[in-house]
Amino acid sequence: MTETATKTALVIPQLIVGLGNPEPKYDQTRHNIGFAALDTLSRSWQIDLSKNRKFQGDYGEGFAPVPRKKVHLLKPLTYMNLSGQAIQAVTSWYKLPPESVLVIYDDMDLPLGKTRLRLLGSAGGHNGMKSTIAHLNTQNFPRLRIGIGRPKGMIKEDEKKSISHVLGKFSTPENKVMSEVLQFVVECVELCLKQGVEKAMNRCNSKDFSLTESENY
């Protein structure tokens with residue numbers, strides 16, 4: 001499918017995936033914000049997640065409230081760089097097209113407090129997305145990136161500091177921002193289900209939960 005065709009079609013997610021790493025030591029780290037987003041959706045929609053060996057992850061299915069639509073939720077437990085294996089297991093089993101998969105994950109290139117919804121795109125250096133693209137054999141699927149920012153003075157090529165940053169935990173002020181962002185993610189995903197991803201992009205790409213804005217509430 002071409003980029004033009006993807007953009008003109010109404011893209012409604014059926015499988016919503018949050019990327020992260022298993023093991024308690026990764027809990028609440030920046031790299032696991034995709035897991036946190038799925039947990040927030042699971043609580044909001046009252047869809048229980050449980051370990052599913054066939055799908056190599058925590059999986060649940062149920063109905064999103066607006067509109068009442070059947071959805072699949074997945075947190076791959078394969079570790080980040082093999083995320084695509086779990087995603088492919090679900091899409092193959094349910095015969096879901098790639099464009100019905102919405103992937104939620106962290107992005108250092110976005111400032112903390114920003115979200116970016118897109119219909120398609122490259123991996124942008126994210127190992128979880130590299131695996132997803134490889135296993136779905138296309139870049140034509142929607143994704144919702146959650147900004148985690150970069151440390152001040154860190155250049156993009158500084159891999160050692162990058163790893164330390166993404167595997168670190170949010171500060172107390174940052175946690176306050178991220179709790180608001182995660183609630184906004186629920187709103188964005190529900191908009192995708194109701195109106196399609198392309199229409200939802202206007203809303204989801206315009207909001208900015210910066211530290212200063214959050215502290216002024």
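Figures for the structure shown
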{"item": "Theoretical FRET efficiency, 1/(1+(r/R0)^6), r = Cβ-Cβ of residue 93 and residue 195, R0 35 Å, to 0.05", "result": "0.80"}
{"item": "Cross-link reach list, lysines versus residue 160, counting only Cα pairs under 17 Å and skipping chain neighbours closer than eight places", "result": "152, 169"}
{"item": "Residue 14 long-range amide H proximity, modeled H, under 5 Å", "result": "101, 102"}
{"item": "Contact order normalised by residue count of the range 3-215, Cα under 8 Å, 6+ apart, percent", "result": "27 percent"}
{"item": "DSSP H segments from the chain that extend 24 Å or more along their own axis, Cα-based, with Kyte-Doolittle mean of -0.5 or above", "result": "172-195"}
{"item": "Global form of the range 100-182, assessed from the alpha-carbon gyration tensor, a/c cut-off 1.5", "result": "oblate"}
{"item": "From the coordinates shown, Rg and Dmax of the Cα atoms in Å corresponds to which of [x] 19.2, 69; [y] 16.2, 47; [z] 17.1, 65", "result": "[y]"}
{"item": "Those lysines that a straight Cα-Cα span of less than 17 Å connects to residue 207, excepting residues fewer than 8 apart in one chain", "result": "114, 176, 199"}
{"item": "Longest exposed-site-free window of the chain, the sites being trypsin sites (Lys or Arg not before Pro) in a DSSP loop that have at most 12 other C-beta atoms within 10 Å", "result": "157-217"}
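Just so you know, all these numbers are worked out from the coordinates, no wet-lab data involved. Here the structure is a predicted model, which is why all the values come from computation and not from measurement. Neighbour counts run over all protein chains shown; Cβ positions are idealised from the backbone, glycine included.
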